[in-house]
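Working notes for the structure below.
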Amino acid sequence: MDNKLHNQSIERLDISSNIIETLKRNEIIIIKQLCGKTKTYLKNLGLTNDDANKVEIELQLLGLNLKTSY
């Protein structure tokens, strides 16, 4: 994974400001922190399934992924 991307702000992602604010309220500020979370975790923060999917897709477009839950 590209460390330059990891250390960039989540605001770099093409996602809504509501999603950004929810993530920031939960101390997810940089992409590396976001990649360490699962989709289930994001939904537990109050994001809808569609919101969590948008986050996942944006990360994938950068060649990154959310943490896989087992």
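If you look at just the Cα atoms of the chain, how large are its Rg and its Dmax in Å?
Rg, Dmax (Cα atoms, Å): 10.7, 30.
In Å², and per residue, what accessible area does the chain have when probed at 1.4 Å with the other protein chains present?
Accessible area per residue, the chain: 65 Å².
Quick one: if the Förster radius is 22 Å, what FRET efficiency do Glu27 and Leu5 give, using the C-beta to C-beta distance and rounding to 0.05?
Working: r = 19 Å, r/R0 = 0.87.
Efficiency for this residue pair is about 0.70.
Measure off, as a whole percent, the carbon and sulfur share of the 1.4 Å-probe accessible area of the chain, all protein chains present. Numbers along the way, then the final one.
Values: 1970 of 4530 Å².
Carbon with sulfur: 44 percent of the solvent-accessible area.
Within 15 Å, Cβ to Cβ, of Lys37, how many net charges do the neighbouring residues add up to if Lys/Arg are +1 and Asp/Glu are -1? Kindly include the intermediate steps, with their values, before the conclusion.
On the way: positive: Lys24, Arg25, Lys32, Lys39, Lys43, Lys54, Lys67; negative: Glu27, Asp51, Glu56, Glu58.
With Lys, Arg at +1 and Asp, Glu at -1, the neighbours total +3.
Any idea what the relative contact order of the chain is, in percent, if you count C-alpha pairs under 8 Å spaced at least 6 apart? Show your work: numbers first, answer last.
On the way: 64 pairs, mean separation 25.2, N = 70.
Computed over the chain, the figure is 36 percent.
Rounding to the nearest 20 debye, state how big the charge dipole of the chain is about its Cα centre with +1 on each Lys and Arg Cβ and -1 on each Asp and Glu Cβ. Walk me through the numbers on the way to the answer.
Values: 10 positive and 9 negative charges, 48 e Å.
Charge dipole of the chain: 240 debye, to the nearest 20.
The values are calculated or read from the model by the stated rules, or taken from the named source; none is laboratory data. Not measured: the values here are computed from a predicted model. Glycine gets a Cβ as well: all are built from the backbone with ideal geometry, and neighbour counts include every protein chain shown. With ligands, DNA and RNA removed, areas are computed over all heavy atoms of the protein, side chains included. Shrake-Rupley method; radii C 1.70, N 1.55, O 1.52, S 1.80 Å.
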